[in-house]
Amino acid sequence: MSTVFIVGGSGQVAKHVAKQLQPSDWSVHALYRSESQEQELKALGATPVWGDITTLSVDELAQLFQGSDHIIFSAGAGGKGDETLTNKVDGEGLTKSVLAAQQANISHFILVSAFPEAGRTAALGDKFENYIRVKKYSEYELTQSALNWVILRPGQLTDASGTGQVKVGYALPSGNNPISREDVAATLLALLKQPKIHHKIIELTQGDTAVEHALEEFI
């Protein structure tokens, strides 16, 4: 059985990952910080792991990671909180997770980042610009690590039902770039199951190619 540990395990994308991996020979450990989230995660088949990414130390996080085979970092303030929260979650949280993964001898690390043009049609403001800056630097930090990393940059996230049909590339054109959270999760599952894909930055939007087939170009 393979175990994936999701930082940001109570988020919507993470919940879809847990749901799509059940039933299977995969185990999902999901980091959460609110007591109200525990039962829902259990109902999805995940093992809830309590902790706050903003206060956990690298050593504490490494202890939580022990026994896992893969890390998905899907935590994020989404540019909605103040800049301090974004910096702590999206920035420092990623830094600690990378160090903790290395300390726990886990090599496979997938970062759910942000498509640079996602949401650009809206009035976004300084908070969002800070969010993009933090995401970009977090990507850089991960690429400098010794991990077998993948950076996934989904477009504008929606709650639409997934189609299993996507478009991927090293760089995709700006403009209308939605992607359902369900299809982001399906792409994460495919990446978990394809260890030959690593040291890649992959942009993702809705499309007309099945997920597994679309990712073949990165092998």
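Coordinate-derived values only; no laboratory data. Given the structure is predicted, the values throughout are model-derived calculations rather than measurements. Every residue, glycine as well, gets a Cβ built from its backbone with ideal geometry; the counts of neighbours run over all protein chains shown.
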Over all Cα pairs of the stretch 22-99, the Kirkwood radius sets Rh, and Rg/Rh then becomes 0.98
Residues whose built amide H sits under 5 Å from the amide H of LEU204, excluding neighbours closer than 5 in sequence, are ARG153, GLY155
Exposure proxy check on TYR140, TYR131: fewest-to-most Cβ neighbours within 10 Å is TYR140, TYR131
Here the Cα Rg-to-2.2 N^0.38 Å ratio for the stretch 156-219 is 1.03
1/(1 + (r/R0)^6) with r = Cβ-Cβ of HIS199 and ARG133, R0 = 22 Å, i.e. FRET efficiency to nearest 0.05, evaluates to 0.45
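Relative to the Cα centre, what is the charge dipole magnitude of the stretch 1-141, using +1 at the beta carbon of each Lys and Arg, -1 at the beta carbon of each Asp and Glu, and rounding to the nearest 20 debye?
Charge dipole, the stretch 1-141, about its Cα centre: 300 debye, nearest 20.
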Given backbone amide H placed at 1.01 Å from N, residues whose amide H is under 5 Å from that of HIS29, ignoring those fewer than 5 places away on the same chain, are VAL4, PHE5, ILE6, THR47
Phi angles of the stretch 47-64, converted by Karplus (6.51 cos²θ - 1.76 cosθ + 1.60, θ = phi - 60°) into ³J(HN,Hα) in whole Hz with x for Gly and Pro, give 9, x, 10, 6, x, 10, 4, 7, 10, 5, 7, 4, 4, 5, 5, 4, 5, 5
PRE zone check, label point 7 Å out along Cα-to-Cβ of GLN12, amide N under 20 Å, scope the stretch 140-173, hits 152-167
Going fewest to most other Cβ atoms within 10 Å around each Cβ, ARG33, ARG153 line up as ARG33, ARG153
Given a Förster distance of 25 Å, the FRET efficiency implied by the Cβ-Cβ spacing of SER145 and SER36, rounded to the nearest 0.05, works out to 0.15
Here the net charge surrounding MET1, from other residues whose Cβ is less than 10 Å away from its Cβ (Lys, Arg +1; Asp, Glu -1), is -2
Taking a straight Cα-to-Cα line shorter than 28 Å from LYS42, and setting aside same-chain lysines fewer than 8 residues away, one finds LYS15, LYS19, LYS80, LYS88, LYS96, LYS193
Once phi for every residue in the stretch 6-18 is put through the Karplus expression 6.51 cos²θ - 1.76 cosθ + 1.60 (θ = phi - 60°), the whole-Hz ³J(HN,Hα) values, with Gly and Pro written as x, are 10, 7, x, x, 9, x, 5, 5, 4, 4, 5, 4, 4
Fewest to most Cβ atoms within 10 Å: SER97, SER145, SER27 sort as SER145, SER27, SER97
Taking R0 as 22 Å and r as the Cβ-Cβ distance between THR158 and TRP50, the FRET efficiency 1/(1 + (r/R0)^6), rounded to the nearest 0.05, comes to 0.15
